Amino acid sequence: MATPLSSVWYTRCPAPTPLSIAHQLGWIDRQFRAAGVCVRSIRDSKDPAIRQSHFTHALDYSFRQGGNIPPIWARSGGRETRVVGITTTDEFQAIIALPSSGIRTGAGLKGRRLGAPRKPVEKIVDFQRATALKGIVSALSLEGLTHDDVELVYLDSAEANLIERGNAVFLGLKRRYPYGDELLALARGEIDAFFVKGAEGVVLANQIGAVVVSDFGFHPDAKIRINNGTPRPLTVDARFLDEHFDRVVDLVATVGQVAGWAETNPDDAVRLIANEIGVGEDAIWAANGPDIHRHLTLSLDDDQIEAFDHFKRFLLEWGFITADFDVFSWIDRRPLEAATRRAVA
């Protein structure tokens, strides 16, 4: 017997996603309101247990789009979720160093100290460390090197991932930008280089006049590009899907409409992405390229799923997840197929 649906929870990462744009345009609220359902934000909750679901996907009747490490981790831990759509939006990924380091190319990283953030007391997945390590491994592989050819320096922080949005420690901003620990370590001479990505990475590299010693966010080999932000899944909990399939189809159809809207409104799309991340619009164009507005399609292509499987194996190898699972059975194509049929009817 399905539970009557009075409200749903949603969350999205500060990243270029069609879910974020659909939310900012008011489409998500309007779609669920028409069905008599209230939409509540996980990230904006005052309750830490609610906010934790951004990573754990623990709430029933919830959906999420953003980085793929937390949903992979949650699924590995036994949480029954389904991937109902994927967006692949490539972004700036690089290893940067100061000019004074003398490092000019990826080959110059051999024997040097590469910093990676680490939260040793964090109970949820340390996605920032996983992201940095994947970037480092990708950069080194382009030069025929491995992580054994460099010194990995872990930069420990006790700050939790789950800080309430708008908390005073953010000094009036919505969130803390990444790479603070790495920047301080670089300035203190404790490391020689570190990984950055996305619009925040472009801004930071520009700010310090960094040398981009390896740039691979748009590399032709998908296995090099794959990371937390590439690709980004739209996930729902299995109970939501099983009990309220039509509402999930509505969700997928609404999020899916963003691609066409962005194609004809590129400047507005970039403005909304910049607002979500908290950077200038020029940083979005620089980090994601001039065709960013053409890469917001919700799909379930085989190569996207294979990308997830490849990255899952990386997370398993490095100990970020402890239990393997079948990525291909994690995918549920039915909502996207139903939404597509509805669009052409």
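Structural remarks
- For ARG43, distant residues with modelled amide H under 5 Å away: ARG12
- Placing unit charges on the Cβ atoms of the charged side chains and taking the dipole of the chain about its Cα centre, the candidate lying farthest along the positive direction among ASN265, ALA253, VAL169 is VAL169.
- Computed from point charges on the beta carbon alone (+1 for Lys and Arg, -1 for Asp and Glu), the dipole magnitude for the chain about its Cα centre is near 700 Debye.
- Ranking ALA22, GLY319, SER45 by Cα position along the charge dipole of the chain, where only Lys, Arg, Asp and Glu carry charges on their C-beta atoms, puts SER45 farthest toward the positive end.
- When +1 charges are put on Lys and Arg Cβ atoms and -1 charges on Asp and Glu Cβ atoms, the dipole computed for the stretch 273-345 relative to its Cα centre reaches about 340 debye.
- Taking each residue as 0.36 nm, the span from ASP268 to ASP309 lengthens on full extension beyond its C-alpha to C-alpha distance by 11.4 nm.
- Ellipticity at 222 nm from helices only: DSSP H runs of n ≥ 4 in the chain, each -39500 (n - 2.57), divided by the residue count, give -11500 deg cm²/dmol.
- Two numbers describe the Cα atoms of the stretch 98-202: Rg and Dmax, which are 14.7, 45 Å.
- Fully extending the segment from ASN206 to ASP324 would add 38.5 nm, taking 0.36 nm per residue of separation and subtracting the current Cα-Cα distance.
- Residues in the stretch 180-185 carry Karplus couplings, in order, of x, 5, 5, 4, 5, 5 Hz; the curve used is 6.51 cos²θ - 1.76 cosθ + 1.60 with θ = phi - 60°, and Gly or Pro positions show x.
- Sites THR340 and PHE218, calculated FRET efficiency, Cβ-Cβ separation with R0 25 Å, nearest 0.05: 0.30
- Inter-label distance, nm, simple model (7 Å from Cα along the C-beta direction), ASP302/VAL169: 4.7
- Over the chain, volume per residue of the alpha carbon convex hull, in Å³: 136
- Nearest-ten-degree value, helix 266-277 long axis tilted from longest Cα axis of the chain: 70
- Cross-link check: pairs LYS134/LYS197; LYS197/LYS223; LYS46/LYS197; LYS134/LYS223 evaluated at a Cα-Cα cut-off of 20 Å; pairs beyond the cut-off: LYS46/LYS197.
- Accessible area per residue for the chain, computed on protein heavy atoms with a 1.4 Å probe, is 42 Å².
- Stretch gain in nm, segment LYS110-ALA34, where the contour uses 0.36 nm per residue and the Cα spacing is subtracted: 21.6 nm
- Check: the stretch 165-299 dipole with +1 on Lys, Arg Cβ and -1 on Asp, Glu Cβ, in debye: 260
- The chain, accessible surface, carbon-and-sulfur percent (1.4 angstrom probe): 50
- Selection from VAL212, ALA345, GLY77, by position along the positive dipole direction of the chain (Cβ): GLY77
The values are calculated or read from the model by the stated rules, or taken from the named source; none is laboratory data. Just so it is clear, the structure is predicted and the values come from calculations on it, not from any experiment. Using ideal geometry, Cβ is built from the backbone for each residue, glycine included, and neighbour counts are taken over all protein chains shown. Remember, those area values only see protein heavy atoms, side chains included, never the ligands or the DNA or RNA. Shrake-Rupley method; radii C 1.70, N 1.55, O 1.52, S 1.80 Å.
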